[in-house]
Structures are given as C-alpha cells and as structure tokens.
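This report refers to the structure that appears directly beneath it.
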Amino acid sequence: MFIKRIWTFLAIKTRYIDLIAYIFCILFTVAGILVSLNRFWQYEVFYFDFGIYDQAIWNVSRFGAPIIEHHIVGGKWIFADHFNPSFFLLSPFYWLSAKSETLLVVQAVVVGLSGIVMYKIGKYLLKNKLFALGVLTCYLLFLGLQNAVISDLHDLTVMTLPLVFTFWAIIHKNVWLYFLSLLITLGFKESNFLLGTGIGIAIFFLRKEWFKIGLITIIVSLIWGYVSIKIIIPSFANGSYAYSPVLSSNIFENIYSFINHPLKQRTIFYSFLSFGFLPLLAPEIWFLLLQDYGIRFIGNSCCSRWDLGLHYNAPSAVLLGIASILALRRLQHIKSISKFLPLLIILIIGNAIFLYRFVLHSPLALAYNPAFYNHTKDFAFLNNLVKKIPNNASVMTQNNLASHFTHQKVFLLKDNYNDYKPEYIVVDLRNEQNPNNFFGTKNILTIVELLREDSKYELIYQTKEQFVYRRKTT
C-alpha cells in the first residue's frame, strides 16, 4: 500500500520532471563554468594539459599548424603526443572570442548537453521520466564527471557528448548518426580504438539486427588504433608511441594488476556505488567498462589515472549511465521487482546526493561557496605580472603561469633558456605555489641567479617574489 501511494504521488508530479531535468543540466553547466573559470583566474589551471590542447586548438583556429610546447615532443604537432583530430571541432569557438577561458566554458556546456541526451535516452528506453531523472542525477553528481569538467581542458571530457550520441543512434536505429558519432568519438584519442571495439561488441547484444554494423565497428576501431598508434603518431614524433602500457608476459599478473592497489579498488567501488550498483545488471556494457578501467589500471604506473580525479572518468560516467538505464529496463520486466522501482529510484537519487555532498565532497559545490570567489581576488598580483608581457611576445615561465600565455609562443621554464631565446622570462618564487611543477625545471632560484648575471636580459619588473626579465634588443 505504501509503495502504491508513492507511485501515485510520483505519477501526478511527472509533468514537472522534464523541467527539473533540464534545469538540473543548466545548473550543472553554470556551476561547471563558474568553477572552471575561477580556477583559471586562481592560476590552478596548468599548461599541462590545458595549455597543450588550448595552444593547438588556437593555432588551428588561426589556420596554423597545431604545434605545441611539450617536455618530450616540443616544437612538433600535437599529433606527436596524441592523435585527437576531433578536438579541433572546438576551433571555431575562437572565432567568437579570443580569450583562453573560452574553451573552459565550451567544455562545461558540452558535458551539460551530454546530460540532456542521457536523460532522453532514459526516457525513451524506460518510458518513465522519474527513472530517467534518477540516472541523470547519478550521472551529473558523479565525482568522476565533475572532476573532469573542472580539471583543465581534456579531450576525453569533451568526448562525452559524441559518445552518448553514439548510444542514442544505436537505440534509435540511426545508422548515419551512429557512424558520424562513432568516428568523432574515435577521433578524440588514439586509444579509443578499445572503446570502439567495446561499442561494436555491445551492438551484438543491444541490436542484433545490426550484426554487420557491429562487426564493421570493431574492424574500423582496430584499424584506427593500429594506424594512429603505429603509423601516424610515430611519424609526427620521429619516434615511437610514448603511452604503450608495460604489460607482464604472465596473464595472471596483468589480471591481478587490475585490482592490486587500494586506490583502484576505491575508484571501482565508488564509481559503481554512485550509480546504485545498477551497472552490474547490464552485461551488454561489461566489456566496455572492463576496457575503460583496464586501460587505466593494467600496466600503467601513473597513479593519477587510478582515482576519481582529472579527466579519466568522463567516459566511465557515460558508460555507467547507459548501463544503469539498461539495468533499470531489465528490472522493469521482472514483475516481482518492478513495483518497488519507484522506491529504489528515490533511494538511488538520495545516495547520489549523499555521496556528492557528504562523502566524496564533489567540486561543483564550490559554485555556491562565497569563499571560493573571494579567493579569486587574492590573485590580482599575478594578473599584474601577466599584463607585463605583450600579447605577441614569446615568453618562458612556470607551468601554472604558462596557461595564461597559450595564444602566443610560450615555453616552460628551463635552465637552458638561452637555447630558446624567449623575449620575456617570468618567474614566481613563492614556495609551494606551483603544484604540478614536475614539468619544466625545479631549479628556479638557479635560473634567477643566471638571469641576474646575464647581459642579454634586463629586469623590467619585480616584487618581493616575482620577476620579469626582457631580452635586450641588439
């Protein structure tokens, strides 16, 4: 009786659920924009990775070559690092505004739009707005997705929209949209060939009459991976592909490495918990999830790829969301369970909110924290420092400052600065104010001493801890 009353009440309110879902996506987008912009203005957005992608996209928007500054493949096309041509679809946005912050806004909008598509997929398959809203809530409140939105600029984060459209096309039997979305998704990173292969396998279960399309998807994906990793990237890098995982010859060791660290276990647990463990009931998506976590966990010693931070969980969010929808559809067909689904959805929504606010402390909560905005005002001194550099001059500086010079020739601070001959060298000597400074030199004091004795450079601006040197003209 209690369940029936809940269901009757919710049925009356369903006419408002569309509005709630769209407002939720808008609020998510606005929050993502506000947090991302203020992090940029607080110099918490770094050249690695924001500057690399922003510099390449900016150059293409000006019809130039996507040449980047990089600690390994500096001075080469970005394809020497990753093959991600789809990222250049963002270039036209720089025809509207030349500000570096532009793409941070676009990224948040794109992820917000992916939420709308996810909600529509849920409505179509589940024929229930509340259930679709429940999955949308899990998707947008998922820590991994929120961290992706506010962590610099990344290909995998922007990829959420074409990826979710790929599933939309499968569900709606739209072949042309499917292949367009699939190719764009593949084009966001060379390693997405595994993602494409998983989508092909999923088609065998989701749409059996598309068997040939699924097979073509697998073949195209494998060709994409081979050509991009074995031919294109080495050609641009004049070397080999730098991101190949180091796998053991013992298959059991590789399997063990999937879960051999508490951080990996925590990531998997909270990822599935964030979606109420529903993805476990969607075997159609299991291979996709295995490849998603496997490519991060197996044979990779980079701990930053193991947790719920940065951009690595953006594809996971889409896959977990789609899997949750498929799981709910399966539960709807079990009579003994279906009548309890409204209560289950309420519990799942409550769980997502609880994790967001009290357990995982997701970052978009900063959007309604006044102290966060007040902190932005504390960086006026760095703004003054940046303004000392002309827009058309070459500059060498640290990782956290270099992100503000990506639309001009910029180099990360190095001991051998004379080999690069930058017109300006900008130095910030504050202790522990440059996290992520494992790129470039750590011998900043040594460089300042060299500059003081270097007759080719003159000091044009200084405070107690900041210095700007300009190369003298002869």
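The values are calculated or read from the model by the stated rules, or taken from the named source; none is laboratory data. Just so it is clear, the structure is predicted and the values come from calculations on it, not from any experiment. As a convention, Cβ positions derive from the backbone with ideal geometry for all residues, glycine included, and neighbour counts pool all protein chains shown. What goes into the accessible areas is simple: the full protein's heavy atoms, side chains included, and nothing from ligands, DNA or RNA. Shrake-Rupley method; radii C 1.70, N 1.55, O 1.52, S 1.80 Å.
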Determine ³J(HN,Hα), in whole Hz, for all residues of segment 395-401 in sequence, where each value follows from phi through the Karplus function 6.51 cos²θ - 1.76 cosθ + 1.60 and θ = phi - 60°; x replaces Gly and Pro.
9, 10, 7, 7, 4, 6, 8
Figure the gain on full extension for GLU465 and VAL227 (residue separation times 0.36 nm, minus the Cα-Cα span) and round it to one decimal in nm.
80.8 nm
What 222 nm value per residue comes from the helices of the chain, counting each DSSP H run with n ≥ 4 as -39,500 (n - 2.57) and dividing by all residues, nearest 500 deg cm²/dmol?
-16500 deg cm²/dmol
Which one is right for this structure if Rg and Dmax of the Cα atoms in Å is calculated from it: (i) 24.1, 89; (ii) 27.9, 99; (iii) 25.5, 90?
(i)
Burial order of peptide ranges 396-405, 354-363, 25-34, 126-135 (average beta-carbon count within 10 Å, highest first)
396-405, 126-135, 25-34, 354-363
For segment 252-357, what number results from the quotient of the Cα radius of gyration and 2.2 N^0.38 Å?
1.16
Once label points are set 7 Å from the Cα along Cα→Cβ at both ARG266 and ASN431, what is their separation, rounded to one decimal in nm?
2.8 nm
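In a shell of Cβ-Cβ distance under 14 Å around ARG266, excluding ARG266 itself, what net charge do Lys and Arg (+1) and Asp and Glu (-1) give?
So the surrounding residues net to +2.
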Kindly state, to the nearest 0.05, the FRET efficiency for ILE20 paired with ALA65, given R0 = 60 Å and r defined as their beta-carbon distance.
0.80
Taking the alpha-carbon distance from LYS421 and a cut-off under 18 Å, which aspartates and glutamates remain once sequence neighbours fewer than 8 residues away in the same chain are dropped?
GLU69, GLU449, GLU453, ASP454, GLU458
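Between VAL448 and TYR124, what's the calculated FRET efficiency when r is the beta-carbon distance and R0 is 56 Å? Round to 0.05.
Working from the Cβ atoms, E equals 0.35.
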Label-point separation, TYR420 to SER235 (7 Å along Cα→Cβ), nm
2.9 nm
In segment 1-155, what percent of the accessible surface is made up of carbon and sulfur (1.4 Å probe, ligands and nucleic acids excluded)?
71 percent
Ignoring any ligand, DNA or RNA, what whole percent of the accessible area of segment 361-416 comes from carbon and sulfur when the probe is 1.4 angstrom?
55 percent
Among the lysines, select those whose C-alpha is under 28 Å from the C-alpha of LYS123, and discard any that sit fewer than 8 residues away in the same chain.
LYS4, LYS13, LYS173, LYS208, LYS212, LYS335, LYS339
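Of LYS99/LYS456; LYS387/LYS414; LYS414/LYS472; LYS409/LYS456, which pairs sit farther than 27 Å apart, going by alpha carbon to alpha carbon?
The answer is LYS99/LYS456.
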Whole-number accessible area per residue in Å² for the chain, which is evaluated in the context of all protein chains at 1.4 Å
45 Å²
Looking at the chain, do any whole DSSP H helices span at least 24 angstrom along their long axis by alpha carbon and average 0.0 or above on Kyte-Doolittle, and which?
17-41, 102-126, 314-332
For VAL386 and SER338 in one chain, what is 0.36 nm times their gap in residues minus the Cα-Cα distance, to one decimal in nm?
11.3 nm
Theoretical gain in end-to-end length, LYS456 to CYS303 [0.36 nm per residue, Cα-Cα removed]:
50.9 nm
Virtual paramagnetic centre 7 Å along Cα→Cβ of ASN250, amide N under 19 Å, in segment 290-319
298-301
